[in-house]
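Presented below is the structure to which this report refers.
Read-outs: derived from the displayed coordinates by stated rules, not from any lab. Just so you know, these numbers come straight off a predicted model, no measurement behind them. Neighbour counts run over all protein chains shown; Cβ positions are idealised from the backbone, glycine included.
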Amino acid sequence: MKNRLITHLGWGFAAIAAFGVGSQFSAWKANDHQLDAELARKAGGSGMSQDSEAIQRTFKSKTRDKDMESGSLLDRLFGSSSADSATIKGLAQQAFTSSNPIVRRLAFGRLLESMTPENAEAMRMQMVKLGADQDQWKDFHFSWGALAGEQAFVFAASSEERDLAPVISGWAAANPAAALAMLENLPAVHEGQRAELEESVVAGLAATNSSLAADFVMRLASQGRGDVGKLMETVAKEVLRAGGAAEASRWAEGLLDGDMKGVAMAQIAGKFFELDPLAASKWAARFADKTYATQMIEQGVGPWVQRDPVTAVSWLESLPAGNGKNAGLSAAFGDWEDSNPGSASEHLLSMPDSPARDAAISGFSNGYAWQNPRVAIDWAQSISEPNLRAQSLARAGQIYFRRNPTSAQAWLDGSNLSAEMQTAIRQPMR
């Protein structure tokens, strides 16, 4: 369990280790004189900082070690790590006070690797003493929660600092059943933090078990929690990060049909369309007639429109009639007018009268009003559907008043619009 959690936390440290150590691999196998010269050059040529001297000693020791080829890059830099207080103090000193950012990150990763339920409080004391930053505190408490569970929770619950949320996330990542049971029996003193703790549990579950995380979010939705959408976005982001867009799209398909499935799909769609618009469009088209997929099409098509608006719009026009198609066209023309309003206008003129064309005009008008409000107003007035026409006209007029109140007022005075519409246009833009 410890190794699995450290792997989850340590990707960044490993990448930094590769950057900071990889370029010096040949130097580790050189003789002492060559190594001294190389480190002196990196320190500025005329002398070494304490950090450089410490690294030199470690590198030279490893050069003499016949087993240098084995072990991780972190082992080669720091040597074997033990959990005694001297090692904790030494690593903490490097992690929080070194002037070298690479050394700080590597040492902090080693410090986390050395953590046990027994030495965690000693580590915490060193972090307080030496001044850990916010991100380090977050990673420390996540690790402590993962390793010690209830013990870490009890400590964090009595702490004056905001330690509880990352502790719960780590606990949920390592032992979901215990963390969920804690929420079921949350002490009354923490009842006011329930929403925050539920959010932390979702983050922890998403790190190791996306299906369980999604199930928990849907349970919260059934209980009436109002902001479950952002929790499902957290889960979808983690699936996307860990598995990529194609795998994330397959995961989202397996969710129960409904609003939460739509939220997850929308979170994934943008990246999927950015990386592989053809594959993404085939995936999205399968759900285009579903109400819950409207947001997915509306949000996902943006990257494709920016790269190839003609093809993207053509795909949208091929979708079955419905909210997804209309929302996608509105968003697409709201983007297309930014890059090439002339081409977008020509395409609008070629479209037959339909709800889809009305939606496309509305998106174009809403966006183009920031560039040319009078032209945008003319387009808005060509919308066939009365309610959408009124909404789009009011929006374009409000933008006109925001950009140039004097000209907007002169236009409105001679517009022959109804008193009700003039009132709506004069309303402050929301």
With a cut-off of at most 16 other beta carbons within 10 Å, and DSSP calling the residue loop, which trypsin sites (Lys or Arg not before Pro) in the stretch 113-200 qualify? Please list them. Arg162
With Cβ to Cβ distances under 11 Å as the rule, what net charge do the other residues near Pro309 carry (K, R +1; D, E -1)? -3
Residues Met115, Met429, Met232, sorted so that the one with the fewest Cβ neighbours within 10 Å comes first: Met429, Met115, Met232
How large is the Rg to Rh ratio of the stretch 386-430 when both quantities use alpha carbon positions and Rh follows Kirkwood? 0.93
Residues His347, His141 arranged by fewest to most Cβ contacts within 10 Å: His347, His141
Residues of the stretch 197-240 with backbone N under 15 Å of the label point set 7 Å from the Cα of His190 along Cα→Cβ are 197-205
So, counting K/R as plus one and D/E as minus one, what does the shell of residues with Cβ under 12 Å around Gln427 add up to? +3
Show me the trypsin sites (Lys or Arg not before Pro) within the stretch 268-357 that DSSP assigns to loop and that have at most 16 other Cβ atoms within 10 Å of their Cβ. Arg286
Quick calc of log₁₀ I(q)/I(0), the stretch 326-430, Debye, one scatterer on every Cα, no solvent, q values 0.12 1/Å, result -0.36
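In what order do Tyr292, Tyr368 fall by count of nearby beta-carbon atoms within 10 Å, going from fewest to most?
Tyr292, Tyr368
Which number comes out as Rg/Rh for the stretch 191-350 once both Rg and the Kirkwood Rh are worked out on C-alpha atoms?
Ratio value, two decimals: 1.04.
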Distance violations [Cα-Cα > 31 Å] among Lys138/Lys230; Lys230/Lys282; Lys138/Lys237; Lys129/Lys271; Lys89/Lys230: Lys129/Lys271; Lys89/Lys230
